[in-house]
Amino acid sequence: ESDKETGHQKPITSLFKSADGSHFLTGSLDKSAKLWDIRTLTLIKTYVTERPVNAVAISPLLDHVVIGG
């Protein structure tokens, strides 16, 4: 069994690259947003929401994400 999680289960609606180019955040109709390491394409964290995600963003200091439905 792999410890790497697969991507979204439904279409991606939003993609945001961090200011320093180290991470990207994806939002999806599957009611989740996922934070990835851009060099290794490793999933760092999954944020689960109650509604499909339409917009995502990462703060310049990488200390917050914003998710909109």
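The numbers here are math on the coordinates, done by the rules we state, and not lab data. Quick caveat: nothing in here was measured; it's all calculated off a predicted structure. So basically every Cβ, Gly included, is an ideal-geometry build from the backbone, and we count neighbours across all protein chains shown.
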Estimated dipole of region 12-68 in Debye, rounded to 20 [Cβ of Lys and Arg +1, of Asp and Glu -1, Cα centre]: 100
Per DSSP, loop trypsin sites (Lys or Arg not before Pro) in region 19-69 with at most 10 further Cβ within 10 Å: ARG39
The chain: proportion of alpha-carbon pairs further apart than 20 angstrom, %: 22
Over the chain, relative contact order from alpha-carbon pairs under 8 Å, at least 6 apart, %: 28
